[in-house]
Amino acid sequence: MYNFIIVLILGFGCNLASAFTSFYSDRMGKQAGTFITILLRDIFGIPVWAAGFLIAIKESNELIIQKTMAIELPGWIVTGAGALIIITALVGIRFKAAAPSTSDRLVNKGIYSFVRHPIHSGTFLEFIGLFLLWPSFNLMIATLMGMVWIIIQSKLEERDLVKRMPEYRDYMQKVPAFLPSLRALRSRK
């Protein structure tokens, strides 16, 4: 009945383990470090936790909120907004998202000038949107687990980013993690 939880834990765990590019690179060399990160994030992490969400949807039998257009429409809007943010962020950092390396350079332009973790911000929105589209107990659990995972993942990635790019520490002081500050948005006008 709750098989999705095991799948989510496996996927989130692999994704968390992918946040140590500098550690793997220091121990096994730059190419091996990048390769291990790719395996953990892109092969065993994201696809597995995404499968966990699909299993949660499939195993959902009772909705905790009645599905209406007033719930589904915002669900599609929030999911779409999350996807747009993720795509914009991926365009901004290109291959670095899939294959981080110890030779990466800080990206602080475009969407990355507003938030440090736009991919995670978009993923937050997608999790919320999925819950609105399938408002079941299973999706509520998966969404909450996903939100906790994103916060932990971001913290671990930032430790690694500071090691790989010392200027990231200064960037952390200037740019918020997930939501753009009103001051930054006003200064752009």
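Brief remarks follow.
- Boolean, Leu144 is touching a residue at least 24 places away in the same chain (Cβ under 8 Å) and either in a strand (DSSP E or B) or not acidic (Asp, Glu) (or both): no
- Options Arg94, Arg169, Arg116; residue that is touching a residue at least 40 places away in the same chain (Cβ under 8 Å) and farther than 24 Å from Ile77 by Cβ: Arg116
- Condition check for Thr102: modelled with pLDDT of 95 or more and out of contact with any strand residue (DSSP E or B) (no Cβ under 9 Å at 6 or more places or on another chain): no
- Residue among Ser154, Ser121 that alone is closer than 30 Å to Met28 by Cβ, modelled with pLDDT of 95 or more and among the small types (Gly, Ala, Ser): Ser154
- Pairs with Cβ under 7 Å, 6+ apart, first in segment 55-67 and farther than 14 Å from Leu133 by Cβ, second surrounded by 12 or more Cβ atoms within 10 Å (Cβ to Cβ): Ile55/Asn3; Ile55/Phe4; Ile55/Val7; Glu59/Asn3; Glu59/Phe4; Glu59/Asn138; Glu62/Ser136; Glu62/Phe137
- Among the residues of this structure, Val91 does not count as one that is at pLDDT 95 or above, surrounded by fewer than 13 Cβ atoms within 10 Å (Cβ to Cβ) and within 26 Å of Asp42 (Cβ to Cβ).
- For Arg116, the requirement of being of a type outside the set (Ser, Thr, Tyr) and either modelled with pLDDT under 95 or buried (at least 20 other Cβ atoms within 10 Å of the Cβ) (or both) is met.
- For segment 92-104, the tally of residues that are under 18 Å from Leu156 (Cα atoms) and either touching a His at 6+ places or on another chain (Cβ under 9 Å) or basic (Lys, Arg) (or both) stands at 1.
- Per the listing Thr79, Thr102, Thr123, the residue uniquely touching a residue at least 40 places away in the same chain (Cβ under 8 Å), assigned to a loop (DSSP other than H, G, I, E, B) and among the hydroxyl-bearing types (Ser, Thr, Tyr) is Thr102.
The values are calculated or read from the model by the stated rules, or taken from the named source; none is laboratory data. Being a predicted model, the structure only gives us computed values, none of them experimental. Note that we place each Cβ from the backbone using ideal geometry, even for glycine, and neighbour counts take in every protein chain shown.
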